[in-house]
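Heads up, the thing below is written out as C-alpha cells.
The values are calculated or read from the model by the stated rules, or taken from the named source; none is laboratory data. Everything numeric in this text was worked out from a predicted model, so none of it was measured. Glycine also receives a Cβ, built like all others from the backbone with ideal geometry; neighbour counts cover every protein chain displayed. The area values use the complete protein model at the heavy-atom level, side chains included, leaving out ligands, DNA and RNA. Shrake-Rupley method; radii C 1.70, N 1.55, O 1.52, S 1.80 Å.
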Amino acid sequence: MQFRIASLEHGWAELVLTHGEQRAEIVASYLSDSPAELLSALVLLMRGSDEERVVFEGEPGRTVMRLRRLGGDLVRIEVSGGPGEDDDPAGPPWFRHTEPLERLARRVHGEFARLLREIGAEGYRRGWGMYAFPERPFRELGRLLEL
C-alpha cells in the first residue's frame, strides 16, 4: 500500500491511499487536526491498542479511517464516508486493505518526514493553517519504529 499527503494548503489536506486498483482520496479541513490524529492512532496501535479511528472533517461530510489490529502484526485499514455523508458515516467501507502494522507506520512516518524535508515545520503550519507540525506523535512513532 502507498500513502501520500498529496496537498496541504489553505487549511485543507488531501491524503491518498492506494493499493492495486483501490484508491482512497481523503479530503480534510482544518476543523480537526486529523494528520496529527493519524500519527497518534499509529502510536497507540504500536503500543497495543486493538482499534483506532481517525475522523477527517470534509466540510461537508466526513471520512473515517478505521485501523483494527488482526492476529499477529496485521492491521486492517477501512475507509468509509466522504463528502455529503451524514454526521456518522456508517456505510460500508469503500477502501479496505490489510497490512503489517509496522509497514503502515513506517510509510506514514516517512511521508511526514518527506514533508519536513520539503517544506519544513513552518511550511507545514502555513499550509495546514491552524495547526503546527505534529512533532510529538511524529517523534514518538519514530522512537517506536527505532528510526
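Data table
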read-out	value
Filtered residue count, the stretch 46-74, keeping only those that are surrounded by fewer than 22 Cβ atoms within 10 Å (Cβ to Cβ) and either among the polar types (S, T, N, Q) or farther than 23 Å from S29 by Cα (or both)	13
E135 acidic (D, E), farther than 19 Å from V75 by Cα and either touching a Cys at 6+ places or on another chain (Cβ under 6 Å) or open to solvent by less than 90 Å² (accessible area, probe 1.4 Å) (or both)	yes
Within the stretch 34-57, considering residues that are without any contact (Cβ under 8 Å) to a residue 24 or more places away in the chain, in a helix (DSSP H, G or I) and within 9 Å of the chain's Cα centre (by Cα), the one farthest from P137 (Cα to Cα)	S34
Search result, residues across the stretch 60-92 that are in a loop (DSSP other than H, G, I, E, B) and at pLDDT 80 or above	G61, L70, G71, G72, D73, P92
The stretch 16-33, residues that are in a strand (DSSP E or B), open to solvent by 20 Å² or more (accessible area, probe 1.4 Å) and in contact (Cβ under 8 Å) with a residue 60 or more places away in the chain	H19, Q22, R23
Filter result for F138 (touching a residue at least 60 places away in the same chain (Cβ under 8 Å), under 18 Å from A6 (Cβ atoms) and of a type outside the set (S, T, Y))	no
Residue satisfying condition, being in a helix (DSSP H, G or I), farther than 15 Å from F3 by Cβ and either charged (D, E, K, R) or open to solvent by 10 Å² or more (accessible area, probe 1.4 Å) (or both), within set R125, R114, R107	R125
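Yes/no matrix, rows are residues, columns are (1) farther than 26 Å from G48 by Cα; (2) among the basic types (K, R); (3) more than 14 Å from the chain's Cα centre (by Cα):
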| position | (1), (2), (3) |
| --- | --- |
| T98 | no, no, yes |
| E111 | no, no, no |
| I119 | yes, no, yes |
| G123 | yes, no, yes |
| P137 | no, no, no |
| L141 | no, no, no |
